[in-house]
C-alpha cells in the first residue's frame, strides 16, 4: 500500500531534521545480474541495502535512503540513467527522486520505504536497478556512495527502531560490497549460413554461382573457394572481396568447387 500524502509529508519533515546518531547502520551492496557480457549485450546493476546484523533485533525497517551511483570507467559500457528504477520504494513525488547526471555520477537518488514494512531487516531490500550495455572490450567499475543531492537531506539512510524513540543513520560502503565490475568481451564470431544457388547463363555467358549469407555491422566477410579439400587446399578470395554486402559470385567452371566465408572484426 502506497503512503498517503500526509504520511509522506511527515516523513519528509523527519528527513530534513538533523540526524541524532551517525552510526553505520545499513550495509549497501551493488552487483550486476551478469558480471561478464559481450559487446552489444545488456546487463542490469542492482543496489540493495540491509540493516547490519547487530541492529536487526531492535529495528522496525529502513524508512528512507539517499545515494549516488558512480561510473568510474565509462568507456567499456554505456548506461541509461533514464531507465533507472526504484521498484520497492514509495516513489511519492514529494519524497523521491531518480537523481541527476553530473559527469560520470548519478547524484541525489533518494526515496522512502514506508509502504514496505520491515524493509531491509530480515532480507536485503532492492533500492534501485539500472541497465548497462557493452560498448567495447574492457572493464567498467561502478561504485555506490552516500548521496550528495539536495543539501537539506539529513542522511543517506534513516532506520527506525522498534522503540519509537530509536532511529539510526549511515551506510556501510565497503570496497567489497559497494563496488562492482562489469567485464565486456568481444562478441563471439558466428559462422554465417552460406546459401548457394545457380543462376542460368545468358547468351554468350555460362551459368553463375551465387553465394548469399547474413552479415552484421562492423564485421568483414570474404568468400573463398578451392578446387579440393584437405590440409594442402589452396583457398582464394572470390572477385570483389571483401563481400560485406552478403553476396559473392563466381562463374561456374569445370570440376568441383568448395566455398567458405571468413569473418573478422
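Observations, loosely collected:
- Set 166, 212: member being in contact with a helix residue (DSSP H, G or I) (Cβ under 8 Å, 6 or more places away or on another chain) and surrounded by 11 or more Cβ atoms within 10 Å (Cβ to Cβ): 166
- Being modelled with pLDDT under 95, over 31 Å from the mean Cα position of the chain (by Cα) and within 16 Å of residue 195 (Cβ to Cβ) is a property that holds for residue 261.
- From 197, 181, 220, residue being in contact with a strand residue (DSSP E or B) (Cβ under 9 Å, 6 or more places away or on another chain) and closer than 30 Å to residue 69 by Cβ: 181
- Scanning region 154-163 for residues that are closer than 26 Å to residue 105 by Cβ and crowded, with 18+ Cβ neighbours inside 10 Å gives 155, 156, 157, 158, 159.
So that you can scan it fast, the table gives a plain yes or no per residue for (1) in a loop (DSSP other than H, G, I, E, B); (2) buried (at least 21 other Cβ atoms within 10 Å of the Cβ):
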{"residue": "75", "(1), (2)": "yes, no"}
{"residue": "91", "(1), (2)": "yes, no"}
{"residue": "94", "(1), (2)": "yes, no"}
{"residue": "98", "(1), (2)": "no, no"}
{"residue": "106", "(1), (2)": "no, yes"}
{"residue": "109", "(1), (2)": "no, yes"}
{"residue": "130", "(1), (2)": "no, yes"}
{"residue": "133", "(1), (2)": "no, no"}
{"residue": "142", "(1), (2)": "no, yes"}
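- Among the residues of region 215-243, those that are surrounded by 14 or more Cβ atoms within 10 Å (Cβ to Cβ), touching a residue at least 12 places away in the same chain (Cβ under 8 Å) and closer than 18 Å to residue 189 by Cα comprise 215, 219, 221, 222, 223, 224, 242, 243.
- Residue match in region 175-197 (condition: assigned to a loop (DSSP other than H, G, I, E, B), surrounded by 12 or more Cβ atoms within 10 Å (Cβ to Cβ) and at pLDDT 95 or above): yes
- Taking first residues from region 252-264 that are over 28 Å from residue 187 (Cβ atoms) and partners that are assigned to a strand (DSSP E or B), the Cβ contacts under 6 Å between residues at least 6 apart in sequence or on separate chains come to 252/209; 257/225.
- Pairs with Cβ under 7 Å, 6+ apart, first in region 83-97 and farther than 11 Å from residue 127 by Cα, second part of a loop (DSSP other than H, G, I, E, B) and modelled with pLDDT under 95: 92/3; 97/149
The values are calculated or read from the model by the stated rules, or taken from the named source; none is laboratory data. Worth saying up front: this structure is predicted, and the values here are computed from it rather than measured. Cβ: placed from backbone, ideal geometry, glycine included. Neighbour counts: every protein chain shown.
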